[in-house]
């Protein structure tokens, strides 16, 4: 057979799902293509840039750089073979080679996008599907695949637009479902619920549609309805890790902590390798007071599946967050002996080293991770912070130039930029972070029906205490020695909480009215239409404090004091005070820029990208009700 006949025959074999025969045919016709593919796979663990200080032999380098002397279609077909063999990383390598050789074929871009979605590389997957659509707007399933990938990548507006385009050609349940997810992720909850209802109307048996309706209902505060929907799905025999996790979350938000943990415990038995289930179970056990034993089931699951890198990395992350850094490091180093180039393991190890003060080692490890996963935002943030700790602010600014241009309102990048500018004593810093002008406080008047501010806040504090049903702080938040309420206050119908939320509108309007510069990332978003994206309550006990952090999903952030210990006012050590401008990690010559004394009934507003934390206090209770504001 000639090349064309061989390609056609391989294609027919693949249609019947016979990957082994297809591979043998390709290898027989073009031996070098399979050899190069396997050789690249064999050395992929140590094929990294010079920064990693890892060497290749000359023969290995020649194998990696070799161009298979075969038709581009053979590269594509070998990629399909690897896909059928459930080797998505190798498939992606073949599809990339096909795209490089012939960039005008939408099939190659689509196949690359599919392989990358298997690898959970949402941004790159979306880019590949978009490329296929540019070449052929009607390419089968490309728009639907792009919508899903854009959703996974957080490109929510694009996902919404793609879903709406799908609906123009036919109101199918899947398109409505994607639209619902995109709207929910943007905080457009009422519209998301309507889209979910349309999805269920289009296909009443769609588990995905019913599930996403329940998630949206829960976000809207309709927790009983959400739980009923999830219970109905479970009653229909759907044994799913994601449904079990959502059921547990709803139970926990309703204050039924023991029931929620039980659901997760049973789910972990059925799905021991599921990252979301094990993570949720460990978090629940920690907050329910399990202490050092909180991750026992998680660590046992890792031991049973030692090569499950995502499972191992997430377990290490929780151990690190709970203060068990040494346990986390042991877990990570064992994983890296097995998978030396896995980006999640490298990221977690870099974070652990940074927390222990080994900044140069942390930076080196994080750079190794960035070579493999250059677009992971938490990884880039941690790396930038280590550079700042090493005094390399100019490098950080250079990296941020493109990131800020691509995402000008990304609060994380603005926050990192502020630290780099400050380190370099750049005049732009004072423009970006004018603490005296951009941080404002307002003392709320007592709402109608309350005789004084003290009476109102006593009642509000009591209502908020009812939401605190856990024993320890959440591992994915910045508070320490305290608890966070399980409910989003925005969705509560409690009349006292509603009084509080209603009283916020006037001071927020006054704060927005001060904004002048249309070219500023804070005041440039000025609008009369705003909303509370979320509101919650934090109850700190003696010794409690907040680590310095920012709010990446906000525009305007806040703190409102509803209960404070009397000793705080007498303290000469600024106990419980709000600190602004202090970095989240030790950086030379960067103390807090502004301190604000807490006072019951006081509301403090500031940009969401301002670093902020608190000073620990010695006794009593500190109750606050913070919130984030975004343009409506």
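Bear in mind that the values in this text are calculations on the coordinates, not laboratory data. Just so you know, these numbers come straight off a predicted model, no measurement behind them. Positions of Cβ are generated from backbone atoms using ideal geometry, with glycine treated the same way; all protein chains shown enter the neighbour counts.
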- Item | Taking the range 227-289 and dividing mean pair separation by its residue count, relative contact order in percent (alpha carbons under 8 Å, at least six apart) | 29
- Task: Note the angle between two axes, namely the Cα long axis of helix 122-135 and the longest principal axis of the Cα atoms of the chain, as a number of degrees from 0 to 90, rounded to the nearest 10.
- Result: 60
- Query: Taking N as the number of residues in the range 97-137, what value does Rg over Cα atoms divided by 2.2 N^0.38 Å take?
  - Reply: 1.03
- How do the peptides 240-247, 98-105 rank, highest first, by the average count of neighbouring beta carbon atoms within 10 Å per residue? 240-247, 98-105
- Over all pairs of different Cα atoms in the chain, the reciprocal of the mean inverse distance gives a Kirkwood radius in Å of 27.1
- Starting from the coordinates of the alpha-carbon atoms of the range 185-294, obtain the Kirkwood hydrodynamic radius over all distinct pairs and give the value in Å to one decimal. 14.4
- Query: Roughly how tilted is helix 359-372, in degrees to the nearest 10 and between 0 and 90, from the longest Cα axis of the chain?
  - Reply: 50
- Message: Along the Cα→Cβ direction, 7 angstrom out, place labels at residue 89 and residue 509. What is the inter-label distance in nm?
- Response: 5.7
- Query: What whole number of Å gives the distance from the Cα centroid of the range 430-470 to the Cα centroid of the range 141-200?
  - Reply: 37
- Note on the structure: A student asked for the Cα radius of gyration and Dmax of the range 538-626 in angstrom ought to give 12.6, 36
- Message: For Cα pairs less than 8 Å apart in space and 6+ apart in sequence, what is the mean separation divided by the residue count of the chain, i.e. the relative contact order in percent?
- Response: 8
- What full-extension length gain, to one decimal in nm, is calculated for residue 165 and residue 232 as 0.36 nm per residue of separation minus the Cα-Cα distance? 21.0 nm
- Message: Taking the beta-carbon count within 10 Å as an exposure proxy, list 371, 508 from fewest neighbours to most.
- Response: 371, 508
- Query: When the Kirkwood radius is taken over all Cα pairs of the range 227-289, what Stokes-Einstein diffusion coefficient follows at 20 °C and 1.002 mPa s, in µm²/s?
  - Reply: 189
- Task: Let me have the 222 nm mean residue ellipticity of the chain computed from DSSP H runs of 4+ only, each contributing -39500 (n - 2.57), with the sum over all residues rounded to the nearest 500.
- Result: -18000 deg cm²/dmol
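Evaluate E = 1/(1 + (r/R0)^6) for residue 197 and residue 300, where r is the Cβ-Cβ distance and R0 equals 51 Å; express this FRET efficiency to the nearest 0.05.
0.80
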- For q = 0.15, 0.20, 0.31, 0.33 Å⁻¹, Debye-computed log10 I/I(0) when each Cα of the range 256-300 counts as one equal scatterer: -0.29, -0.53, -1.18, -1.28
- Item | P(r) of the range 256-382 over all Cα-Cα pairs, binned every 5 Å from zero, in whole percent | 2, 12, 21, 22, 18, 13, 8, 3, 1, 0
- Query: If one computes P(r) from the Cα atoms of the range 436-631, what percent of pairs lie at distances over 23 Å?
  - Reply: 42
- Gain in span if fully extended, residue 471 to residue 616, counting 0.36 nm per residue against the direct Cα distance: 50.4 nm
- Across the Cα atoms of the range 464-548, what radius of gyration and what greatest pairwise Cα-Cα distance (Dmax) are found, in Å? 16.2, 45
- Taking N as the residue count of the range 104-248, its alpha carbon Rg divided by 2.2 N^0.38 Å gives 1.08
- residue 516 paired with residue 330, simple spin-label distance in nm, labels 7 Å along Cα-to-beta-carbon: 6.0
- Starting with the highest mean, order 518-530, 473-485 by the number of other Cβ atoms within 10 Å, averaged over the residues of each peptide. 473-485, 518-530
- Query: Roughly how many nanometres apart are two label points built 7 Å out from the Cα toward the Cβ at residue 5 and residue 375?
  - Reply: 4.3
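Please report Rg over Rh for the range 391-460, where both radii come from the alpha carbon positions and Rh follows the Kirkwood definition. Walk me through the intermediate numbers first.
Values: Rg = 19.8 Å, Rh = 15.1 Å.
Ratio value, two decimals: 1.31.
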